[in-house]
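Working notes, structure below.
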Amino acid sequence: MIVLDIASVVLLAAGALFVVSGGVGLLRFPDFYTRVHAAGITDSAGAGLILLGLLLRTPSWETGVRLLVIMLFLALTGPTASYVLAFAARRDGVPIWREGDPRR
Amino acid sequence: MIGTHYVYWLLFALMMIGLYVVISHGNLLKKLIGLTLFQVGVFLFFISIGKVDGGSAPIVSDDVETYSHPLPQVLILTAIVVGVATLAVGLGLAVRIFETYGTVEEEDVLERDTTP
Amino acid sequence: MIVAVMAALLVTMVLALARAFVGPGRYNRILAINMFGTKTVLFVAVAGFLFGRPEFLDIGILYALVNFVAVVAVLRLTHYDDDLADDLADDLADDLADEPATDGEDRA
Amino acid sequence: MTVFTLINISLLAILVATALTVSRLRALYEAAMLSALFSLVTACLFVLLDAVDVAFTEAAVGVGISTVLLLGGLALTRSREAVTPRRRRLPGAAVAILAGGTLVYASQDLPAFGSADSPVQRHPLTDTYLHQSQEDIGIPNTVTSVLASYRGLDTLGELLVVFTAGVAVLALLGPLAHPVDARRRDDLDLVDYRVLRVISAMLMPFILLFALYVLFHGDFGPGGGFQAGVIFAAGFVLYGLVFGLDKAQQVVPRVVLWALIPFGLLLYLGVGVVNMLLGGSFLDYDTLSSDPAAGQHLGILLVESAIGITVAAVMTTVFFSFANRRATR
């Protein structure tokens, strides 16, 4: 049991780290496309690790199944939303940041 | 007082922001958004009255002792759906007003009505 | 540990909120809102474990789903906005006409 | 300061900040998007305040339906608000401050937040709903038993309001409201987004399955008719947004939707009438079976299904009305 606990703590800590760093990136990155990357990190790596960490602590299999379903849904919708957003922004001509440009 | 009533005060602030938008802003759609803000303040106020410290969701289970009150939740649950239904009617009216007057600003509409 | 994760989530929520307030433009906002949405999914999951009743995770599933609907709706319905140029001209006119009358603080 | 208080305060602060920003934004598309964020935070607060059923409804309604409707309404009108002139700000601010001051003054009489001996909690009904219901009705989710059984008549009234709103929107924006202009706009179908279409097509069955699960699992966990109806509608909205209205209306023809709106309400009323015919009072489900508890189960299931049907039909119809308006104008 102690192994599971340690694994869970490690996963949760890693997930929390990813989530916060993604949040900082969302605020600090210079343009929309780089921010998509930052937000994508929290949606996939951060969320996945936290949910895995919680999965190791589930009291019953029913809760576990629900966590797995949430992971599946996030894995399907998160990347799709990022892709569609970046694609639409490109089509609408949102400019790309280059070295030396002011931040927007 | 602060420790026990802060939730209510913050929710009152929320309601008043909504009320201000409804009264002051002239755009009919913005008024509807303001109405939503006000509404949410009221919903949260009702729910917070039913909450018990250390309580749990009112779904009975063997290993839980205290539950929050289910009645406010029932009232608000239905009120949310009714709220979105009335929002739809309001939006429908705004759309028809726009089609007739070409604007959704309250003052322009009134002006059009009073000048022959 | 779960408390620490919860704190991380709240901090991230505030960061995403700041991005949603600042913008600029629709795409930055909807990106921030989408990210906020996934954080609420995690919030529900973590809150369930924190307060000892993790069986209500159905709500998390719903959030993940509804968040996606909102993103699609924003993309689809604001694409319709072919009078965007019109809007901008209008905005400019507004600014010119009203600038002396207002203190300009209502432009967030 | 407990963990609960800290989370509660942070969420409330986020909520008020969002409300302030929404009220100051003049770009209304952006305001509508932020109101989606607003209802996500609200839903989190509902979870925190133990109202899981309400959180369920708020998430589905606030993010899935009302954002879509607001954006649809904005697409049909102006998306930019005029500057609020100074002379209009004063009355609003005065009323808000006066009303707020009155509320804060009156709140001194309110019981402390979370206290277990407030009048709400000490009222005899609390015990009826939380403990007696386990014998009367025998389902763990007391919210469902209060909603569908103890206060069934009240819920019937709410359903009637939803029904009326659906009819009103149809009258305002439906095909009978004014002759349809033959000139159709090119529907922007998000056709270029193949990934989006594939993923949405994959998700559709899961969404409908999830809605059914929510409907039938409402006795044991968060869920029920209102939630299931809204999730169904959100599924159809997603389908309509991604694949275009024509295709969505082939899947669920308008006439079927229009027939379903009153059908749910009539089913609800019908259950009540059958109860009366069986010798009970209106909406007294005990009469539906020889075993009262089984009768209650059956009655609640029927009533929840009726609610789900009407809510789903009304919400989908409303969305189609707004979207069609755009397509034909």
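The values are calculated or read from the model by the stated rules, or taken from the named source; none is laboratory data. This structure is a prediction, so every number in the text was calculated from the model and none was measured. Virtual Cβ from ideal backbone geometry, glycine too; neighbours counted across all protein chains shown.
Listed here are the residues, each with its yes/no results for (1) at pLDDT 90 or above; (2) polar (S, T, N, Q); (3) closer than 26 Å to B:Ala57 by Cα.
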| residue | (1), (2), (3) |
| --- | --- |
| D:Ala13 | yes, no, yes |
| D:Leu34 | yes, no, no |
| D:Leu45 | yes, no, yes |
| D:Arg87 | no, no, no |
| D:Pro111 | no, no, yes |
Checked against (1) more than 7 Å from chain B (Cβ to nearest Cβ); (2) in contact with a strand residue (DSSP E or B) (Cβ under 7 Å, 6 or more places away or on another chain), D:Leu98 satisfies every condition except (2)
Any residue at all in the range D:48-61 that's surrounded by fewer than 24 Cβ atoms within 10 Å (Cβ to Cβ), modelled with pLDDT of 90 or more and under 28 Å from D:Gly225 (Cα atoms)? yes
Of everything in the range D:278-300, what is surrounded by 17 or more Cβ atoms within 10 Å (Cβ to Cβ) and under 12 Å from D:Gly152 (Cα atoms)? Give them in sequence order. D:Leu283, D:Asp284, D:Tyr285, D:Gln296, D:Gly299, D:Ile300
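Yes or no, residue by residue, for (1) surrounded by fewer than 19 Cβ atoms within 10 Å (Cβ to Cβ); (2) touching a residue at least 60 places away in the same chain (Cβ under 8 Å); (3) facing chain B (nearest Cβ under 8 Å); (4) in contact with a Lys or Arg (Cβ under 6 Å, 6 or more places away or on another chain):
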position	(1), (2), (3), (4)
D:His131	yes, no, no, no
D:Ile137	no, yes, no, no
D:Asn141	no, yes, yes, no
D:Ser149	no, yes, no, no
D:Asp154	yes, no, yes, no
D:Leu160	yes, yes, no, no
D:Ala165	no, yes, yes, no
D:Ala171	yes, no, no, no
D:Pro175	yes, yes, no, no
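To keep it simple, each residue is scored yes or no on (1) without any contact (Cβ under 8 Å) to a residue 60 or more places away in the chain; (2) touching a Gly at 6+ places or on another chain (Cβ under 6 Å); (3) outside any helix (DSSP H, G or I); (4) assigned by TED's automatic domain parsing to the domain that holds D:Asn141.
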position: D:Leu265; (1), (2), (3), (4): no, no, no, yes
position: D:Tyr268; (1), (2), (3), (4): no, no, no, yes
position: D:Gly272; (1), (2), (3), (4): no, no, no, yes
position: D:Asn275; (1), (2), (3), (4): yes, no, no, yes
position: D:Gly279; (1), (2), (3), (4): yes, no, yes, yes
position: D:Phe282; (1), (2), (3), (4): no, yes, yes, yes
position: D:Ala293; (1), (2), (3), (4): no, yes, no, yes
position: D:Leu298; (1), (2), (3), (4): yes, no, no, yes
position: D:Leu301; (1), (2), (3), (4): no, no, no, yes
Tally up the residues in the range D:18-44 that are touching a residue at least 12 places away in the same chain (Cβ under 8 Å), in a helix (DSSP H, G or I) and not hydrophobic (A, V, I, L, M, F, W, C), please. 6
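For (1) closer than 19 Å to D:Val303 by Cβ; (2) at pLDDT 90 or above; (3) not small (Gly, Ala, Ser), each residue gets a yes or a no:
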{"site": "D:Leu156", "(1), (2), (3)": "yes, yes, yes"}
{"site": "D:Asp181", "(1), (2), (3)": "no, no, yes"}
{"site": "D:Tyr193", "(1), (2), (3)": "no, no, yes"}
{"site": "D:Leu196", "(1), (2), (3)": "no, no, yes"}
{"site": "D:Pro205", "(1), (2), (3)": "no, yes, yes"}
{"site": "D:Arg254", "(1), (2), (3)": "no, no, yes"}
Of the numbered conditions (1) among the β-branched types (Val, Ile, Thr); (2) assigned to a loop (DSSP other than H, G, I, E, B); (3) closer than 30 Å to D:Glu81 by Cβ, B:Val89 satisfies every one except a single condition; which is it? (2)
Which pairs have Cβ atoms under 8 Å, sit 6 or more apart or on different chains, and link a residue in the range A:54-75 that is under 17 Å from D:Pro222 (Cβ atoms) to one that is polar (S, T, N, Q)? A:Leu67/A:Thr58
Of the candidates D:Ile231, D:Ile261, the one satisfying the condition of being within 13 Å of another protein chain (Cβ to nearest Cβ) and farther than 24 Å from C:Leu65 by Cβ is D:Ile261
Applying the selection to the range B:56-75, what residues are among the β-branched types (Val, Ile, Thr) and crowded, with 24+ Cβ neighbours inside 10 Å? B:Ile59, B:Val74
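Show me the helices (runs of 4 or more DSSP H) found entirely inside the range D:45-136 where at least 2 residues are among the basic types (Lys, Arg). So that I can check it myself, show each step before the final result.
Values: elements: D:52-58, D:67-76, D:86-106, D:119-122, D:124-127, D:133-136.
Counting at least 2 such residues, we get D:86-106.
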Taking helices (runs of 4 or more DSSP H) that fall entirely within the range A:1-93, which contain at least 1 residues that are over 25 Å from C:Pro24 (Cα atoms) and more than 15 Å from the chain's Cα centre (by Cα)? A:2-28, A:47-55, A:61-91
